[in-house]
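First the structure, in the form of structure tokens, and then the observations on it.
The values are calculated or read from the model by the stated rules, or taken from the named source; none is laboratory data. None of the values given here were measured: they were computed from a predicted structure. Neighbour counts run over all protein chains shown; Cβ positions are idealised from the backbone, glycine included.
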Amino acid sequence: MYVEVSNVKKSYGEGGSYVQVLKGVTVGVEQGEMCVIQGASGSGKSTLLNCIGGLDDIDSGSCKVDGLEIAGLKQDALSDYRRDTLGFIFQFYNLVPNLTVRENIEVCRYLTSEPLDMDELLETLGLSEHADKFPSQLSGGQQQRTAIARALIKNPKLLLCDEPTGALDSNTSRDILILLEKINEKYGTTMLIVTHNNSIKDMVHRVIYLKDGEISREYTNSNRIPARELEDL
Amino acid sequence: MKDNKVVVEFKDVVKEYGEGEGRQIAVNHVDFAINEGEFVVILGQSGAGKSTVLNMLGGMDTPSSGTIIVDGKEVSAMNDKKLSEYRADTIGFVFQFYNLIPSLTAYENVALTKSIVKDALDPMEMLDRVGLKGHAKKFPSQMSGGEQQRVSIARALAKNPKIILGDEPTGALDSETGVTVLKLLTEMSNKYGNTVILVTHNADIAKCADKVIRMKNGKIREVKIDEKPLSVEEVDW
Amino acid sequence: MLFRKMLREIKSNLGQFISILILSFLATFIYAGFESNVVGSGMAVENFHKKTNIADAWVYSEGFTKDNLTEVKKLDCVEQAQLRTELRGTTVEYGGAQADIYLMDESVILKPYLYEGEEDKTDRLKESDSVEFDGADKDGVWLNWSFANEWDISVGDTIKLEYNGVRFERVVRGLIMEPEYEYTKAEKDSDINFKTLAYVYMGYDAFPIREYAKHQVTSGKLDVEELKDSEVFKDKIAEIENKLAEYGMTLDDIDSDMIMEKLDSMSDDELTRMIPYTTMLVRFTEGAKNSAKDKIKEENSRISVPMFYESEISDAVDENYAVMIDKDSVIGIKRIADELNQHDSFSYAFALIFLIVAILVISTTMSRLVERQRTQIGTMNAIGMKRWKIAIHYMSYSFFVSLIGSVAGLVMGPKVIGELIVDMLMEWYMIPDVSAGSNSLFYIVACAVVVVCVSASYISCRKLLKVPPAAALRPAAPKKAKRILAERLPFWKRLGFGTQYNLRDVSRAPLRAVMGIVGTAVGTVLVIYAFGCYILVDDIVIWNFDKLQNYNYQMALTEDKEVEFFDELADEVDGEMIMTDQIEIATKAHASSLERYKQTLTVIEGKGMQNITDEKTEITSMVPGKIAITSRLAKQMGVGIGDKVYWHIYSKNKWYEAEIGLINRTPETAGITYLRKDFEETGCEYKPTAILTRENIMNYKDREGVAGVYDMAEIKEAFIKGYEVIKYLFYMMMTFSIITVVVVLYNSGNLSFHERLKEFATLKVMGLSTAKIRRILNQENIWFAVIGILVGSPFGKPSLLAMMNSNGDEFDYYVSIPAYLYVMSAVFILAVAIAVSAMFSKKIKRLDMVGTLKGLE
């Protein structure tokens, strides 16, 4: 298993506002797989993603990524882990407003010793003509593509996506998903996609359902639909 | 059948941005009319121009050319001061991200309309209408997304506006909560006779509308009038 | 490329970062400017003292003997010692200026410094012919440069001097400067006036001793009894006595012819012994000074190093002395030291004030900036950027800005303010070769300013950087609103929406409120200070010239006539006589030198020309039989009405007791005042120094007994001119005040605006008019201004008085700032606050509702 989550528990708050978001989650993802983590609002799916990404501390349990135990690592070690292994894509892109497209991607390029080629990546993502624009001058789709370029330039082994198409209309959403599919095929990047959209699961290898902080169902997709055929995005 | 007098008129409205190479036409010669009491959905993809239309309707932006008449007033020709008054008296706005004032309670957020219009409706009554009477003393940070949106609707209603505008009002909500909010909005039109105009890319919402204006690339593709729109419960979300 | 991000963000927050630049600039500018003068002047003074071989101690006596000198020189701790005689005369021409005459055989200590004048001054004064002091020169005197410059006297010219009725003319051999006269003030003047004070160095041989002796005899000034006692004439009188006895006559039958005969037979040298050595100058060895320093530290004593050896000196001269002082008691030297100290405190105080305001502005700006970039920080963290790198990025904002400001201030301070102050000061103080200087402390302070600014930045970001990325990443960071205290007020509900909204906003951002209030408080203090400066001058002029000195003309008197002579003269011009002298005063007789205060004695006749004013500057009258003592001195000594004090004339040994009947106050003189009747009863010799009158006595110049005549109108004019520099202070303070208030309120408004940008956009969409939104935004600033005014007002007057009185112990200024000036200051600050508010109306009008509400950050 590339990603091994064992009995992970996570809670927030104290006293009256105490809530246990993850109640003991055990799940595994193979290298090179695309995986959807689906669930209703409040099911804990974003939290699970954050924990795997080292963005939040795990209360108890174990989480191994490529053999490295995440649980219990200090902030600086987690920072290194994120730098070396992960790429992130957020629902609201989270680009730096005062940097151009190129500069936003460069922020990540300096974090690795073997980056992908900048111009090739811009080309692949259809951003070449927008390279010197600021995020405020781009449409939602273009911004998300910039964010994807930023995540990819590090050539990460694991890509974590939190509602990547949540703020986009269905056509743009489809484009993004096609892109992710292409990357997965070309680079073999393992992907974890958190979403509440019901259609995306049809294109991925593994599907995990979270309900009230626990895995309610998981299966492997035997009949994957290519991204371009997805509807109701 | 909502066949009352025309309350909104767009006549050959154009909106352009930027200049030279960066010139974009967001709204490209758009004409339509909306009657009083109608529940209207302006449908389109991202970049279709629907938000721009809504912004001009709401007096937050002025057209590059063309005329916009709302409730007999020529909005497109108003200056900053008159637009302020227009927004105060005629429009109630519901945002995608609620935009409540975080440092005011639910009641206070609705009550601030009293500083804006002379005869604002009673805030408690409005909170009751949206089913949040018990939440009056809570701050936005203490409420869920759906509750915040409902407070925002109460705030819009308290002004007793002629027209209620909504920009992706259910966009940030999960389907269950979205349904509750939508029910409220359709109630405004069906039960209380307000004119409600929503902008969205969610085609399901359009199924509840009296009139659907489809936009693509800044132009109107189609205006569909539905005599018998579905009720919110009847739609399969 | 994070550097580019920083540059762009600084540009979009230009107002704020320019404020930080201005504040860090002002802090170093003022510091370096004032300190460059302190350092430069300080060094020049030190050099001057070294070149002139300044004394460590001055010992005064009614008459030292050569043996005294020998004994003192024998002491281990003494390196050098020298005797001299100090006489007070006048110049014959040049308006009868005060002429301090110094007689000496050799100049070893306090050697005069031959001054050539400025580069661009007329070269008549360029002394290629000047010669070093020569005690054997019979015809030459060395005159002070400042007097020569005023009256256009060159080397080689002659000068006529008069001492106690004897006139003599000598050639000017050189023009000099001397540390005891760094600060030059004639006794009758209230402030520096180079025209009225001359001092000369000359040899005993140059003194017209024969004419003087003859004059003393013929004017009846020499008492036979005194002659009999004096060393010099003892034998001669004995001879006359014997001669008379031969004729059956006694000393009572002696007449001046007989004495004159004897005088003629005496040699110049013998006669010269009539002139007493009044002063001994002493220099101690390095070793003695060092060991004294150590012992003083051990004993935890407050005594100064030279005074430590007083008992040794006292023993060496067999107690034949009245007083011993060190250079801290020589006003000519102390005055500039005090002034430099004042500038020193001033520079640190102001730099600190601006630095504090800078810290407040930086903290609020950076907190706000970092808070707004919450998701960016979370993202950068998520991507894998190390936290310290992110921290450095944000610290770099204030680093670059404060670095530029600080360096600019460091460079421009000395050039602009430093040179200006040095030039101004050197118009008044006589010290050669002064220029603005600097030392390594400057660089340290400039670095400190930058470090402080960067640290403030760091501290503002620290909290957010510690947050785990997941928490930082939530897109619309929910602001926790909470109940505030004001809500419990019964009338909370009746407050308008704007007021409620702002109260909640302020309680959410207390640091910003502190900044706003502190800034306007500082501005208020500065404005009141400025107004106070302005009226201070007028107030002092009235106090000094209308109330205290209620006369039009002053006649300075010579020392060679009897009191009765002057009484007649006074009657003639319908005047009041006044005596002033230097005394030492203490709470017990023969107190140790630490407990003595060197101040002024004034004896008035109570005729209403030289008046006494109480602590509130109202004219009052003396209590018969008792003395008046000035209030600041009384406080220092810990005495009050009914207490007894002890005093002695500076150069004389006898102490007298007096009871305090009144506390009075003068702006620039401290000491005690006697009524003539009471003074004469003490037994101390009444020697009037001036007659004050309202009649025009300018033509009395050449009368006998008159040393000089002065028109008070002229003196008043000179006095006012001397205070003109205060008007510059006024403009400076007003400028700083405006800058501070504008910077602080602009930042506060800006922060408030940006913090609530989305909310204001929402309100605008909802239909709130631009005017109403502007009123809401500006309400906070007006609150801060009002509170700041209330907080700052009480500090205005005390800070002004503190600065004025730090000039020296004898200063005791009184300023009453009328209520209307406080009101004017408040109005001024409010006006500035409102002007700042106007800066925001454009921002609100142009607020892009669509763009703002779309922006998700």
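Looking at the stretch B:217-237 only, could you name the residues that are in contact with a strand residue (DSSP E or B) (Cβ under 9 Å, 6 or more places away or on another chain) and either on the phi > 0 side of the Ramachandran plot or in contact (Cβ under 8 Å) with a residue 60 or more places away in the chain (or both)?
Result: B:Asn217, B:Gly218, B:Lys219, B:Ile220, B:Val223, B:Pro229.
Taking the stretch C:755-764, which residues are more than 7 Å from chain B (Cβ to nearest Cβ), at pLDDT 80 or above and part of a helix (DSSP H, G or I)?
Passing the criteria: C:Leu757, C:Phe760, C:Ala761, C:Leu763, C:Lys764.
Mind checking which residues of the stretch C:35-58 are within 18 Å of C:Glu319 (Cα to Cα) and touching a helix residue (DSSP H, G or I) at 6+ places or on another chain (Cβ under 6 Å)?
Across the stretch C:35-58, the qualifying residue is only C:Ala57.
Restricting to the stretch C:581-612, name every residue that is assigned to a strand (DSSP E or B), surrounded by 19 or more Cβ atoms within 10 Å (Cβ to Cβ) and of a type in the set (S, T, N, Q).
Those that are assigned to a strand (DSSP E or B), surrounded by 19 or more Cβ atoms within 10 Å (Cβ to Cβ) and of a type in the set (S, T, N, Q): C:Gln599, C:Thr600, C:Thr602, C:Gln610.
Counting only residues that are within 14 Å of chain A (Cβ to nearest Cβ) and buried (at least 23 other Cβ atoms within 10 Å of the Cβ), give me the helices (runs of 4 or more DSSP H) lying completely in the stretch C:442-551 with at least 2 of them.
Counting at least 2 such residues, we get C:469-473.
Rundown of residues vs (1) of a type in the set (Lys, Arg); (2) in a helix (DSSP H, G or I), yes/no style:
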| position | (1), (2) |
| --- | --- |
| A:Cys161 | no, no |
| A:Leu168 | no, no |
| A:Ser173 | no, yes |
| A:Lys182 | yes, yes |
| A:Glu185 | no, yes |
| A:Ile193 | no, no |
| A:Tyr209 | no, no |
| A:Ser222 | no, no |
| A:Arg228 | yes, yes |
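Does the stretch A:192-203 include one or more residues that are charged (D, E, K, R) and closer than 27 Å to A:Val25 by Cβ?
Taking every residue of the stretch A:192-203 in turn, at least one turns out to be charged (D, E, K, R) and closer than 27 Å to A:Val25 by Cβ.
Please find, within the stretch C:528-583, the residue that is nearest to C:Tyr597 (Cα to Cα) out of those that are modelled with pLDDT of 85 or more, β-branched (Val, Ile, Thr) and over 30 Å from the mean Cα position of the chain (by Cα).
Among them, the one singled out is C:Val563.
For the stretch A:65-88, enumerate the residues that are surrounded by fewer than 17 Cβ atoms within 10 Å (Cβ to Cβ), more than 27 Å from A:Tyr110 (Cβ to Cβ) and in contact (Cβ under 8 Å) with a residue 60 or more places away in the chain.
Listed by number, the list is empty, since nothing qualifies.
Any idea which residue in the stretch B:189-237 is modelled with the highest pLDDT, counting only those that are among the acidic types (Asp, Glu) and farther than 19 Å from B:Asn28 by Cβ?
The qualifying residue modelled with the highest pLDDT is B:Asp210.
Name the one entry in C:Thr379, C:Thr375, C:Thr365 that is surrounded by 22 or more Cβ atoms within 10 Å (Cβ to Cβ) and more than 14 Å from chain A (Cβ to nearest Cβ).
Residue meeting the stated conditions: C:Thr365.
Among the residues of the stretch A:91-106, write down those that are closer than 23 Å to C:Ala472 by Cα and more than 7 Å from every other protein chain (Cβ to nearest Cβ).
Passing the criteria: A:Gln91, A:Tyr93, A:Leu95, A:Thr100, A:Val101, A:Asn104, A:Ile105.
If you take the residues of the stretch A:1-19 that are at pLDDT 80 or above and hydroxyl-bearing (Ser, Thr, Tyr), which of them is nearest to A:Gly61 (Cα to Cα)?
Among them, the one singled out is A:Ser6.
Of all helices (runs of 4 or more DSSP H) completely enclosed by the stretch B:42-157, which ones contain at least 2 residues that are more than 15 Å from the chain's Cα centre (by Cα) and either more than 9 Å from every other protein chain (Cβ to nearest Cβ) or surrounded by fewer than 22 Cβ atoms within 10 Å (Cβ to Cβ) (or both)?
B:80-89, B:106-111, B:123-129
Tell me yes or no: at least one residue of the stretch A:147-155 is among the β-branched types (Val, Ile, Thr) and part of a loop (DSSP other than H, G, I, E, B).
yes
Test C:Thr70 against the criterion of being surrounded by fewer than 21 Cβ atoms within 10 Å (Cβ to Cβ), in contact with a strand residue (DSSP E or B) (Cβ under 7 Å, 6 or more places away or on another chain) and among the polar types (S, T, N, Q), and give yes or no.
It is false that C:Thr70 is surrounded by fewer than 21 Cβ atoms within 10 Å (Cβ to Cβ), in contact with a strand residue (DSSP E or B) (Cβ under 7 Å, 6 or more places away or on another chain) and among the polar types (S, T, N, Q).
Does B:Ile197 meet the test of being in a helix (DSSP H, G or I), buried (at least 21 other Cβ atoms within 10 Å of the Cβ) and more than 14 Å from chain C (Cβ to nearest Cβ)?
no
Can you say whether A:Lys157 is of a type in the set (Lys, Arg) and closer than 27 Å to A:Ser43 by Cα, as far as the supplied structure shows?
When the stated conditions are applied, A:Lys157 passes them.
Quick check: anything in the stretch C:290-297 among the basic types (Lys, Arg) and either in contact with a helix residue (DSSP H, G or I) (Cβ under 6 Å, 6 or more places away or on another chain) or crowded, with 18+ Cβ neighbours inside 10 Å (or both)?
Scanning the stretch C:290-297, I find no residue that is among the basic types (Lys, Arg) and either in contact with a helix residue (DSSP H, G or I) (Cβ under 6 Å, 6 or more places away or on another chain) or crowded, with 18+ Cβ neighbours inside 10 Å (or both), so the answer is no.
What number of residues in the stretch A:161-184 are crowded, with 20+ Cβ neighbours inside 10 Å, more than 17 Å from A:Leu127 (Cα to Cα) and of a type in the set (Ser, Thr, Tyr)?
Within the stretch A:161-184, residues that are crowded, with 20+ Cβ neighbours inside 10 Å, more than 17 Å from A:Leu127 (Cα to Cα) and of a type in the set (Ser, Thr, Tyr) number 1.
Has the stretch C:72-94 got at least one residue that is farther than 30 Å from C:Ser435 by Cα and at pLDDT below 85?
no
Okay, residues lined up against (1) within 23 Å of A:Asn171 (Cα to Cα); (2) out of contact with any helix residue (DSSP H, G or I) (no Cβ under 8 Å at 6 or more places or on another chain); (3) in contact (Cβ under 8 Å) with a residue 24 or more places away in the chain:
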site: B:Ser144; (1), (2), (3): no, no, yes
site: B:Ser189; (1), (2), (3): no, yes, yes
site: B:Thr195; (1), (2), (3): no, no, yes
site: B:His201; (1), (2), (3): yes, no, yes
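Would you mind stating whether C:Gly749 is within 30 Å of C:Asn544 (Cβ to Cβ) and touching a residue at least 24 places away in the same chain (Cβ under 8 Å)?
no
In the stretch A:38-63, which residues are away from chain C (no Cβ under 12 Å), crowded, with 17+ Cβ neighbours inside 10 Å and among the charged types (D, E, K, R)?
The answer is A:Lys45, and nothing else.
What's the total number of residues in the stretch A:111-128 that are within 14 Å of chain C (Cβ to nearest Cβ) and loosely packed, with under 14 Cβ neighbours inside 10 Å?
1
Yes or no: the stretch C:765-779 includes at least one residue that is within 14 Å of another protein chain (Cβ to nearest Cβ), over 27 Å from C:Ser363 (Cα atoms) and of a type in the set (Ser, Thr, Tyr).
Checking the stretch C:765-779: at least one residue is within 14 Å of another protein chain (Cβ to nearest Cβ), over 27 Å from C:Ser363 (Cα atoms) and of a type in the set (Ser, Thr, Tyr).
Name the strands (runs of 3 or more DSSP E) wholly inside the stretch C:666-753 in which the number of residues that are within 22 Å of C:Leu569 (Cα to Cα), more than 25 Å from the chain's Cα centre (by Cα) and at pLDDT below 85 is 3 or more.
C:706-711
So which helices (runs of 4 or more DSSP H) are wholly in the stretch A:22-118 and hold at least 3 residues that are at negative phi and β-branched (Val, Ile, Thr)?
A:101-109
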